[in-house]
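The values are calculated or read from the model by the stated rules, or taken from the named source; none is laboratory data. Keep in mind that what you see is a predicted model, and the values were worked out from it rather than measured. We place every Cβ from the backbone using ideal geometry, glycine too, and count neighbours over all the protein chains shown. Surface areas here come from the heavy atoms of the whole protein model, side chains and all, with no ligands, DNA or RNA. Shrake-Rupley method; radii C 1.70, N 1.55, O 1.52, S 1.80 Å.
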Amino acid sequence: MADKPTFREEIAGVLHASMGNPLDMCMQCGTCSATCPVASGGFMDNSPRRIIAMINAGLKERVLKSNTYWYCASCYHCTVRCPRGIDITELMYGLKRYTVWHDKTQEGLIGPVFSEAFVKMIVRTGRSYEPVLATSYLFTLGVPEIIQEAQTATTLMLKGRLPLLPSRIKRLDNFKRVLKRIIPLGDSEE
Amino acid sequence: MKKYAYFPGCSLEKMARSYHDSAIQTLRRLDVELEELEDWNCCGATAYFHVDELLAYTLCARNLAMADKQKLDLVAPCSGCYKNMHATRAHLQHDPALADHINYALEADNLKFDGSSAVRHLIEIFVQDVGLAAVKAKVTQPLKGLRVAPYYGCQILRPRKADEDVEQAHFFEDLLTAIGATAVDFPMKLRCCGGALIITNRKAALSLVRNLLKNAADVGAQVIATACPLCQVNLECYQKLVNQEFGTNFNLPVMYFTQLIGLAFGLPPKQLGIGTELVSTEPVVCHARSNAS
Amino acid sequence: MKHRIGVYVCHCGTNIASMVDVKAVAEYAATLPGVVLARDYKYMCSDPGQELIKDDIKSHKLDRIVVAACSPLLHEHTFRNATAQGGINPYFFQMVNIREHDAWVHTDRAAATEKAKELVRAAVHRVPFHKPLEKKEVRIRPEVLVVGGGIAGIHAALTLANAGKKVYLVEREPTIGGHMAKFDKTFPTLDCAACILTPKMSTVKTHPNITLWTYSDVIKVDGFVGNYKVTVRRNPRYVIEDLCVGCSECIAACVFKEGKFPDEFNLGLGKRKPIYLPFPQATPLVAVIDPDVCLQLKTGKCKKTCVEACGERKAIDFEQEPEIQEIEVGTIILATGFKIFDAKRIPYYGYGTYPGVYTSLEVERLVNASGPTGGELVLRNGQKPKSVAIVHCVGSRDENTNKYCSRVCCMYSLKLAHLVKERTGAEVYNFYIDMRTPGKSFEEFYSKVSGEGVHMIRGKVADVYLENPADKNGRLIVQAEDTLLNMIRKVPVDMVVLGVGLEAHADANDVRRMFNISCSNEGWFLERHPKLAPVNTFTDGIFLAGCCQGPKDIPDTVAQAGAAAAEAMALIDAGSIELEPNTAFVVEEECSGCKTCIPMCPYTAISRNEEKKIAVINEALCKGCGTCVAACPSGAIKQNLFDDEEVFEEINGVLSHV
């Protein structure tokens, strides 16, 4: 009977790119956090270094409650500088996927809502379409900000930079069949 | 005549149309043809990888398979698309079992990934394949005295592909020098614009954008050159918002490097998509015109 | 011929006996052809065990011995000695490993016992074919070559010279002293480096047993332990060493009124003239002329005021040529030291970009009284710093540069913190990952420096950037996550000191090839055993001392230098060494001269006899690895103790049940 994997083992092995990520090699030097443009600006509740320490200590619930990984900009600067060769950006991706799969995303975060909307749209048309994505974050803005956003959008539209209609790929049916072969998506028309 | 398979990416249809137009126009002058993938789909950006890695790889693999079918290397102008497809190709080549699994799915669209097409960023074509000498030879209006901040951004150089040095790149500066411009020493040239955070954490993204704009202004840049639509949008379209948030008064044009090359080649601004910006590029265009030889 | 073989099966306490039925093995052995005696015993390696062998040889007239016990690496020597003391040739002995190869790796008693029986049977088949071999004696010349004149080389040379040995000390720079001569105060005692080093340098110069050749390179090494022939090239300084008294009048008189060229000793922070003395206590105190910038040497057109100033001594000689010297020595000590990590490899620390960023070695020169600023800590912008950041682990403990810890940087960074604070009263911040202060009095030093108000921030520095991007001479911001406070620190400072790590010299691989030794994968010269033979190499007669073997501080360097000297002295005083006869040899008549074997030898022991057009193996260099034996297409190379008969008989012994 196999042992139940620790949280660290789960996260270090969350599918392909994160496979074998040497989280336990972390010496807590803080290079990742001080390099991270978002963490060093004070916009994450836990620095990436702290997240790794919590994972290694098995503090799963604290990690799941953190907003750190949803605020990762995917700039990979931490990864190229880590002196122990840990791919921290992939770790952040892995944590995002983990919380989405286990349906444990925090309330109030735009990231999960935005990502799900994005994925649904691509499954539907094969392309992205900015205006639909707007719905995923507008709810977090105050009224003056919504007006501001509408103004920017209008200006862009007048300059011809915002698509009025969503585009679709030609072989959409094939495309949907391709996706179904990978993971059956149920009714992908939702 | 060099030929490549072309993956414009979702942004280049509308939001970054000027990037697409200026790329096609300038490459044509350099005897390079871009053959658009006949039915490309979105690369998944970052959002897809937040939800399911396997599906995300499949999206990219479909594009790669179409390039394999065209028997041409694949060129992506957007750093995000470039990174996703380059990484997908590397993972599938490294893991044949994964490639088999995805190829099983791609069969449903009569496609097969074999990894024969390399993935290139648009700027590499200018700098490596065409070569700086050939670019320089076509310059009729060198952008003499124009102080340009070369903004590499993140996903062109990172993550590392092999063992290369990712902190001391200078190809962007070399390209700008080849078209006669003055590439300023831009300390934050490798820093993040915030990317998708402009949606998911606007406060953070605006702060990053503000730091970049301030740094460029502090070193006397007259224009920021970019090679990625998301960087361009963040730095330009939200400048007004940054000014409101931070009480600054930035008015720094942000252009695609292909637009600058186009101006140096003496191409009409309209062909390069100039005029669709929220921050006027008039000063840059005037500067270019005044150097007409 | 009928042999009389004695077989001994060891219990090794319970190590073997718990898994192998040793009594059964001994009983079985007694039934084998040629075996007249078979015993089992608790500890064969003990004195009584060895006595058994000696007595049995005499009383039973045994002519071959087989011992089944532990690994030959442990006790082959022991039992060969016992055999010899019993009165027969020690190589009439064969050891069987039934511990590491049997008892320790199996869990089935019956199978393990069967295996032991088979292994013993194989040995019994083989041992009658052993030849009576003799150890070869190699005489050891008493002269020693020490390569490298830093503190390691100096200490080794003095130790040997004081013991009456003749030493050649060869140093590549124009002066001895190495890196230590550049330091200001040394940790943990805060001794002045020059004060404790220069007396030793002076003794080296005047010691009757030391021949000091500076500004010289070793260019060729031939030979083997006890008999090395070394070629040294003495490079021209264009000043005759024996005539120059170091008065420096030539330097004062040089047509260049002021120094113009980067001063190597001060790491480019100061300037020197084409003719110069590296530093005031340079040894030998002889001027050097730089041919790349001296007007006379470059153009032939100069007033040569230096020659005029030298006057009657006539020590300057623009016609000086390199001089080749060939020496013969018995042993060699390599003490070639290290170089510091090139901080330009980490561009985000700003070294070479921002004038306020220095390496630790540069700062040693700045705070040193004989340095470019006379010991005043003054920055390139002419000001004294009010706040200084010292960055640990620059180019160390990092997958992207060097993975290892450079061992001395935490201590020297604390030392620099102390010196900077003492000289300037500035706020000092040490940014570290772990504070490594393990040596004697090191913890006390750490406490002392903490007590002086130096800020210790636990966080690796991620970035150094200008406070105002438009002002290169302005303050710098050092950014790190303070992992103990859990907060990002952006500390504005006037000066950043990079605690650069140590690396092997750029030409370490070329040097090691010349001396026929190895480098580790980190680039340091490789020791024979990291714990038990740290100064020996795999090449007999060549020893290592100091940082060329790995980063270390001055106390450890001096200790190692003494150890290397002792190893050399042991060889010299023994006068000769005995070589194991398990070497390969070429059967002349069978060698076709195809030269296949020559490049294959990892110890470069094979050469070609051009007259006879055959290969020749140097027994002293041969380590008996067997590569050439296997490679020879004609089968012309044979190896003592492993000739075809012996090997095939052993195989026959294993398979004879089939």
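If you take the charge dipole of the stretch B:139-290 about its Cα centre, with +1 on Lys and Arg Cβ and -1 on Asp and Glu Cβ, which of B:Cys192, B:Ile179, B:Val209 is farthest toward its positive end?
Farthest towards the positive pole: B:Val209.
What accessible area per residue comes out for the protein assembly as shown, rounded to a whole number of Å², with a 1.4 Å probe?
Working: 47320 Å² over 1141 residues.
Result: 41 Å² per residue.
In degrees from 0 to 90, rounded to the nearest 10, what is the angle of the helix C:193-206 Cα long axis to the longest principal axis of chain C?
Helix C:193-206 sits at roughly 70 degrees to that axis.
How would C:Val307, B:Val130, C:Val388 rank on accessible area, largest to smallest, probe 1.4 Å?
On the way: C:Val307 60, B:Val130 25, C:Val388 0 Å².
Most to least solvent-accessible, the answer reads C:Val307, B:Val130, C:Val388.
Give me the percent relative contact order of the stretch B:139-290, please, defined on Cα pairs under 8 angstrom at least 6 residues apart. Spell out each step's value before the answer.
Values: 229 pairs, mean separation 43.6, N = 152.
Relative CO of the stretch B:139-290 lands at 29 percent.
What three numbers, in Å, describe the spread of the alpha carbons of the stretch B:218-258 along their principal axes, ordered from the longest?
In descending order, the Cα extents are 31, 22, 11 Å.
Tell me the label-point distance for the pair C:Thr107, B:Asp129, using the 7 Å Cα-to-Cβ offset, in nm and rounded to one decimal.
6.0
Report the calculated FRET efficiency for C:Ala566 and C:Ser370 (r = Cβ-Cβ distance, R0 = 30 Å), to the nearest 0.05.
Values: r = 34 Å, r/R0 = 1.14.
Between C:Ala566 and C:Ser370 the formula returns 0.30.
Given that compact globular proteins tend to follow 2.2 N^0.38 Å, what is the ratio of the alpha-carbon Rg of the stretch C:300-404 to that value? The partial results should precede the final answer.
On the way: Rg = 22.1 Å, N = 105, 2.2 N^0.38 = 12.9 Å.
For the stretch C:300-404, the normalised Cα radius of gyration is 1.71.
For the charge dipole of chain C, defined by +1 on Lys and Arg C-beta atoms and -1 on Asp and Glu C-beta atoms about the Cα centroid, which residue among C:Ile340, C:Gln325, C:His75 has the Cα displaced farthest towards the positive pole?
Most positive-ward Cα: C:Ile340.
Bin width 10 Å, origin at 0, all Cα-Cα pairs of the stretch C:230-350: what percent of pairs per bin?
Taking every Cα pair in the stretch C:230-350, the percentages come to 11, 35, 30, 18, 6, 0.
For the stretch B:1-156, divide the Cα radius of gyration by the Kirkwood radius and give the resulting Rg/Rh value with two decimals. Display every interim value, and only then the final one.
Numbers: Rg = 16.7 Å, Rh = 16.5 Å.
Reported Rg/Rh (Cα atoms, Kirkwood Rh): 1.01.
Can you find, among A:Asn46, A:Tyr69, A:Cys26, the residue sitting farthest towards the positive end of the charge dipole of the stretch A:7-101, where Lys and Arg contribute +1 and Asp and Glu -1 at Cβ?
The Cα lying farthest towards the positive end belongs to A:Asn46.
What's the magnitude of the charge dipole for the stretch B:1-73 around its Cα centre, counting Lys and Arg as +1 and Asp and Glu as -1 at the beta-carbon? Answer in Debye, nearest 20.
Numbers: 9 positive and 12 negative charges, 50 e Å.
It works out to roughly 240 debye.
Can you give the Kirkwood hydrodynamic radius of chain A from its Cα pairs, in Å with one decimal? All intermediate terms of the calculation are to be shown ahead of the outcome.
Details: mean 1/r = 0.0527 Å⁻¹.
Kirkwood hydrodynamic radius for chain A: 19.0 Å.
Cα axis of helix C:151-162 to longest principal axis of chain C: angle in degrees, 0 to 90, nearest 10?
The answer is roughly 60 degrees.
Any idea of C:Asp342's accessible area? Nearest 10 Å², probe 1.4 Å.
80
Against the globular-protein guess of 2.2 N^0.38 Å, express the Cα radius of gyration of the stretch C:33-111 as a ratio, rounded to two decimals.
Values: Rg = 13.0 Å, N = 79, 2.2 N^0.38 = 11.6 Å.
After normalising by residue count via 2.2 N^0.38 Å, the value is 1.12.
Output the Cα-based Rg and Dmax of the stretch A:110-182 in Å, rounding Rg to one decimal and Dmax to a whole number.
In Å, with Rg to one decimal and Dmax whole: 14.8, 45.
In nm², what is the average projected area of the convex hull enclosing the Cα atoms of the stretch C:487-640?
Working: hull surface 61.2 nm².
Hull-based average projected area comes out at 15.3 nm².
Tell me the carbon and sulfur percent of the accessible area for the protein assembly as shown, rounded to whole percent, probe radius 1.4 Å.
Working: 24860 of 47320 Å².
Ligands and nucleic acids excluded, carbon and sulfur give 53 percent.
Could you compute the net charge surrounding C:Lys165? Neighbours are other residues with a C-beta less than 11 Å from the C-beta of C:Lys165; K and R count +1, D and E count -1. Show your work: numbers first, answer last.
Details: positive: C:Arg141, C:Lys166; negative: C:Glu143, C:Asp573.
Summing Lys and Arg as +1 and Asp and Glu as -1 gives 0.
Leaving out ligands, DNA and RNA but keeping every protein chain, what accessible area does B:Cys42 have, in Å² rounded to the nearest 10, with a 1.4 Å probe?
10
What percent of all Cα-Cα pairs in the stretch A:7-101 falls in each 5 Å bin, counting up from 0?
Spelled out per bin, shortest first, that is 2, 16, 29, 29, 19, 5, 0.
Alpha carbons only, please: Rg and Dmax for the stretch C:164-303, in angstrom.
17.1, 52
Quantify how much of the Cα-Cα distance distribution of chain B extends past 22 Å, in percent.
Working: 24747 of 42778 pairs.
Cα-Cα pairs in chain B separated by more than 22 Å: 58 percent.
Nearest 10 degrees is fine. How inclined is helix A:110-125 to the longest principal axis of chain A, computing both from alpha carbons?
Compared with the principal axis, the helix lies near 50 degrees.
What translational D, rounded to a whole number of µm²/s, comes out for the protein assembly as shown from Stokes-Einstein when the hydrodynamic radius is the Kirkwood one over Cα pairs, at 10 °C and 1.306 mPa s?
Working: Rh = 35.5 Å.
Here the translational diffusion coefficient equals 45 µm²/s.
Could you work out the helix-only [θ] at 222 nm for chain C, with each DSSP H run of four or more residues adding -39,500 (n - 2.57) and the total divided by the number of residues, to the nearest 500 deg cm²/dmol?
So the calculated ellipticity at 222 nm is -8000 deg cm²/dmol.
Given only helices, namely DSSP H runs of n ≥ 4 each adding -39500 (n - 2.57), what is the per-residue ellipticity at 222 nm of chain A, to the nearest 500 deg cm²/dmol?
On the way: 11 runs with 100 residues, N = 190.
Result for chain A: -15000 deg cm²/dmol, rounded to the nearest 500.
Please arrange A:Asp3, C:Asp102, A:Asp24, C:Asp507 by accessible surface area, largest first, computed with a 1.4 Å probe and ligands excluded. Before the final figure, lay out each step's value.
Working: A:Asp3 140, C:Asp102 0, A:Asp24 100, C:Asp507 45 Å².
From most accessible down to least: A:Asp3, A:Asp24, C:Asp507, C:Asp102.
Based on the inverse mean of 1/r over its pairs of different Cα atoms, what is the Kirkwood hydrodynamic radius of the stretch B:139-290, in Å?
On the way: mean 1/r = 0.0638 Å⁻¹.
Result for the stretch B:139-290, one decimal place: 15.7 Å.
Heavy atoms only, probe 1.4 angstrom, no DNA, RNA or ligands counted: give me C:Met1, A:Met25, B:Met255, A:Met19 ranked by accessible area, highest first. Please list the in-between numbers first.
Numbers: C:Met1 185, A:Met25 85, B:Met255 0, A:Met19 125 Å².
Result of the area sort, largest leading: C:Met1, A:Met19, A:Met25, B:Met255.
What dipole magnitude, in Debye to the nearest 20, does the protein assembly as shown give about its Cα centre under +1 on Lys/Arg Cβ and -1 on Asp/Glu Cβ?
2280
Against the globular-protein guess of 2.2 N^0.38 Å, express the Cα radius of gyration of the stretch C:103-151 as a ratio, rounded to two decimals. Spell out each step's value before the answer.
Details: Rg = 23.6 Å, N = 49, 2.2 N^0.38 = 9.7 Å.
Against the compact-globule rule of thumb, the ratio is 2.45.
Which aspartates and glutamates does B:Lys270 reach when only Cα atoms under 16 Å apart count, and residues fewer than 8 places away in its own chain are ignored?
Those aspartates and glutamates meeting the cut-off are B:Asp21, B:Glu282.
Please compute the contact order of chain C in relative form: average sequence separation of alpha-carbon pairs under 8 Å and at least six residues apart, divided by the residue count, as a percent. Each step should come with its number before you reach the end.
Details: 1405 pairs, mean separation 84.6, N = 658.
Value for chain C: 13 percent.
How much accessible area does A:Glu145 have with a 1.4 Å probe, in Å² rounded to the nearest 10?
My reading of the accessible area for A:Glu145 is about 90 Å².
Taking B:Lys14 as the anchor, which aspartates and glutamates have their alpha carbon closer than 13 Å to its alpha carbon, excluding any fewer than eight residues away along the same chain?
A:Glu130, B:Glu277
So what is log10(I(q)/I(0)) for the stretch C:70-180 at q = 0.10, 0.20, 0.23 1/Å, when the Debye sum runs over its Cα atoms only?
At q = 0.10, 0.20, 0.23 Å⁻¹ the computed log10 ratios are -0.62, -1.04, -1.20.
If you place +1 on the Cβ of every Lys and Arg, -1 on the Cβ of every Asp and Glu, and leave all else neutral, what size is the dipole of the stretch B:139-290 about its Cα centre, to the nearest 20 Debye? Intermediate results must be reported in sequence, preceding the final value.
Working: 14 positive and 12 negative charges, 76 e Å.
Charge dipole of the stretch B:139-290: 360 debye, to the nearest 20.
FRET efficiency for C:Lys386 and A:Lys104, Cβ-Cβ distance as r, R0 = 45 Å, nearest 0.05?
0.35
Determine the total buried accessible area between chain C and chain A, counting protein heavy atoms only with a 1.4 Å probe; round to the nearest 100 Å². Walk me through the numbers before you get to the answer.
Values: alone 29730 and 12280 Å², together 40510 Å².
Buried surface at the C/A interface: approximately 1500 Å².
So what does log10 I(q)/I(0) come out to for chain C at q = 0.05, 0.08, 0.09 Å⁻¹, using the Debye formula with one equal point on every Cα and no solvent?
-0.35, -0.78, -0.91
Output the relative contact order of the stretch A:110-182, whole-number percent, from Cα pairs under 8 angstrom with separation of 6+ residues.
Details: 45 pairs, mean separation 28.8, N = 73.
Taking the mean separation of contacting Cα pairs over the length of the stretch A:110-182, I get 39 percent.
Mind checking the full-extension length gain between C:Lys403 and C:Cys247? Use 0.36 nm per residue of separation minus the Cα-Cα distance, one decimal, nm. Before the final figure, lay out each step's value.
Values: separation 156, 0.36 × 156 = 56.16 nm, distance 4.68 nm.
Gain in length upon complete extension: 51.5 nm.
With a Förster radius of 51 Å, plug the Cβ-Cβ distance of C:Leu485 and A:Ser167 into 1/(1 + (r/R0)^6) and report the FRET value to the nearest 0.05.
Numbers: r = 51 Å, r/R0 = 0.99.
That gives a FRET efficiency of 0.50.
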